[in-house]
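Report on the following structure.
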Amino acid sequence: MSAIAPAPLLQATQSEVLQEIQSDFLLNSSLWVNIALAGIAILLFVYMGRNVESTRAKLIWVATLLVPLVSISSYAGLASGLTIGFLTMPAGHALAGQEVLSPWGRYLTWTLSTPMILLALGLLADTDRATLFTAITMDIGMCVTGLAAALVTSSYALRWVFYLISCAFFVAVLYVLLVEWASDAAAAGTSDIFETLKLLTVVLWLGYPILWALGSEGFALLSVGVTSWGYSGLDIVAKYVFAFLLLRWVAANQDTIASGSAGASATGATPTDD
Ligand code: RET
């Protein structure tokens with residue numbers, strides 16, 4: 001007869017996880033501040049897009065609006081304890097054998113929010129479908145393997161293997177942003193705003209893997225609360241400030257946007273390169 005093993009904390013109930021979150025002021029506030037900001041951003045962006053007309057501008061607007069919409073859902077999942085769980089870290093990890101609170105829902109929902117950011121940027125640069133597809137699929141690969149890196153508890157080395165695979169996907173995204181889309185944007189006449197948003201995106205996005213490595217998932221040099229505030233801080237600029245700058249420009253420059261390949265008519269003109 002097999003003895004009944006004590007339930008691991010990984011299977012802690014949602015209310016136990018919720019209690020743990022609420023007892024950590026830093027962690028809890030990092031989540032609720034973003035719920036509030038995402039709510040304000042949604043209302044503001046709906047208002048800012050009210051007069052947008054061309055197909056391309058509308059697409060940019062909806063993609064941009066989806067960023068705070070995904071964000072508010074993501075942070076509600078985290079704040080309720082639904083998408084945060086305890087993981088027992090493997091041998092080799094600084095917190096080996098301990099139950100560490102992992103906000104895995106973040107990595108999961110990045111799979112939905114970051115493609116929207118890239119879709120908006122790609123449309124702004126008026127890129128071709130192949131390059132857009134490349135950037136978005138590489139980005140999804142980055143997020144899913146990043147989720148795997150956070151969830152693997154069988155081997156410390158394999159956490160870092162997934163981390164490196166995720167970084168490889170990230171390099172492809174950076175290449176598209178820095179090389180391909182920069183020249184597309186120059187040809188489309190959207191260079192000024194694209195260069196600003198590209199810089200903001202590249203610099204802030206680089207912060208995520210650095211934070212992952214320093215935080216509780218990686219070398220555990222930062223506490224769970226500080227790591228969470230790090231991501232929340234990056235999110236505030238990478239999502240809401242980014243989206244605000246983009247929408248403000250699109251609303252004020254609809255003629256430039258409408259003359260692009262995806263904005264010429266309601267049905268969309270045939271792009272010249274695909
Ligand atoms: C991880 C860890 C594994 C290696 C790499 C990562 C990169 C994450 C990035 C996230 C960007 C998120 C944004 C969210 C907005 O909603 C998964 C941290 C490369 C770049 C902008």
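Every number in this text was worked out from the coordinates using simple rules, so none of it is lab data. Since the structure is predicted, the reported quantities are computational estimates derived from the model, not experimental observations. Positions of Cβ are generated from backbone atoms using ideal geometry, with glycine treated the same way; all protein chains shown enter the neighbour counts.
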- How much FRET efficiency would the formula 1/(1 + (r/R0)^6) give for residue 33 and residue 129, where r is the Cβ-Cβ distance and R0 is 41 Å, rounded to 0.05? 0.65
- When the Karplus curve 6.51 cos²θ - 1.76 cosθ + 1.60 is applied with θ = phi - 60°, which whole-Hz ³J(HN,Hα) does each residue of the stretch 164-172 get, with x for Gly and Pro? 5, 4, 4, 4, 5, 4, 4, 4, 5
- Taking R0 as 41 Å and r as the Cβ-Cβ distance between residue 252 and residue 23, the FRET efficiency 1/(1 + (r/R0)^6), rounded to the nearest 0.05, comes to 0.30
- Task: Between residue 154 and residue 196, with labels modelled 7 Å along Cα→Cβ, what's the label distance in nm to one decimal, could you check?
- Result: 4.9 nm
- 3J(HN,Hα) from dihedral phi, the stretch 35-50, Karplus parametrisation 6.51/-1.76/1.60, rounded to Hz, x for glycine, proline: 5, 5, 5, 5, x, 5, 4, 4, 5, 4, 6, 4, 5, 5, x, 4
- Query: If each of residue 137 and residue 43 carries a label point 7 Å out from its Cα toward its Cβ, how far apart are those two points in nm?
  - Reply: 4.1 nm
- Note on the structure: Expressed in Å to one decimal, the Kirkwood Rh of the stretch 51-134 from all distinct alpha-carbon pairs is 15.2 Å
- Note on the structure: If every Lys and Arg gets +1 and every Asp and Glu gets -1 at its Cβ, then about the Cα centre the chain yields a dipole, in debye to the nearest 20, of 280 debye
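If R₀ is 25 angstrom, what is the calculated FRET efficiency for the pair residue 174 and residue 95, using the beta carbon separation as r and rounding to 0.05?
Once the sixth-power term is evaluated, E becomes 0.25.
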- Ordering 37-50, 116-129, 239-252 by per-residue average of other C-beta atoms within 10 angstrom, highest first, gives 116-129, 239-252, 37-50
- Query: With the contact rule set at Cα under 8 Å and sequence spacing of 6 or more, what percent relative contact order holds for the stretch 138-245?
  - Reply: 19 percent
- Arrange 180, 99 by Cβ neighbour counts within 10 Å, fewest through most, would you? 99, 180
- Query: What is the dipole size for the stretch 136-249, taken about its Cα centre, with +1 at each Lys and Arg Cβ and -1 at each Asp and Glu Cβ, in debye to the nearest 20?
  - Reply: 240 debye
- Task: Quick one: which residues, 5 or more positions from residue 102 or on another chain, have an amide H under 5 Å from its amide H? H modelled 1.01 Å from N in the peptide plane, none for Pro or chain starts.
- Result: 85, 86, 87
- Task: Using only the alpha-carbon atoms of the stretch 114-225, report the extent along each of the three principal axes, biggest first, to the nearest angstrom.
- Result: 49, 26, 19
- Task: Quick one: what are the phi-derived ³J(HN,Hα) couplings along the stretch 188-205, Karplus 6.51/-1.76/1.60 with θ = phi - 60°, whole Hz, x for glycine and proline?
- Result: 8, x, 10, 3, 4, 5, 4, 4, 4, 5, 5, 4, 4, 5, 4, 5, 5, 4
- Message: Charges on Cβ only, +1 for Lys and Arg, -1 for Asp and Glu, centred on the Cα centroid of the stretch 167-256; of 203, 213, 247, which one is farthest towards the dipole's positive end?
- Response: 213
- Task: Send over the per residue convex hull volume for the stretch 173-268, Cα only, as a whole number of Å³.
- Result: 113 Å³
- Task: Output the relative contact order of the chain, whole-number percent, from Cα pairs under 8 angstrom with separation of 6+ residues.
- Result: 25 percent
- Item | Alpha carbon convex hull of the stretch 2-112, volume per residue in cubic angstrom | 136 Å³
